[in-house]
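A quick write-up on the structure given underneath.
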Amino acid sequence: MLLNIIYIVIAVLAGFAVAWLIQLNNLQKKSRELKSAQGFLESERLMKETLQKELAIVHQNKMATELDLHQKLKAREKIMLQMDSDILLMQKSYEETEALLHVTQPEVHALKLQLIEAQNNIARLKAKLAEKEK
């Protein structure tokens, strides 16, 4: 009977040891999985931070480009207004010169008008010829 008790105690101790080793093994697996998950989360966090920084840089570049383009557009609009004003002044000067030429030298004015008409006819004929060649 003492031998049976010893066998039972040894069996209980062996079972306890095996159970303890199984639990220890499971605990180590869980620990490794936890570390792996933490590493993955850390890498994802770093990637997110990197992407946010890159996005901020891209946004700043976009804003700077837009500002530069708006400034260029305003400068071009200002130049266009100045050019329109200059064209109007030139047209007015041309009309005044034509009127003066018509009053002072009507023959020269008539010849000039005929020359302009001839140039326009030549341009029309060249355009028609170019259309026929196509």
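Please treat every number below as a calculation from the coordinates, not as lab data. The model shown is predicted, which means the values in this text are computed figures rather than measured ones. Counting neighbours? That spans all protein chains shown, and the Cβs are built from the backbone with ideal geometry, glycine included.
Observations
- The listed residues are ASN61, ASN26, ASN4, and the only one of them that is free of Cβ contacts under 8 Å to residues at least 12 places away in the same chain and surrounded by fewer than 10 Cβ atoms within 10 Å (Cβ to Cβ) turns out to be ASN4.
- Restricting attention to region 93-107, the residues that are surrounded by fewer than 11 Cβ atoms within 10 Å (Cβ to Cβ) and of a type outside the set (Ser, Thr, Tyr) add up to 5.
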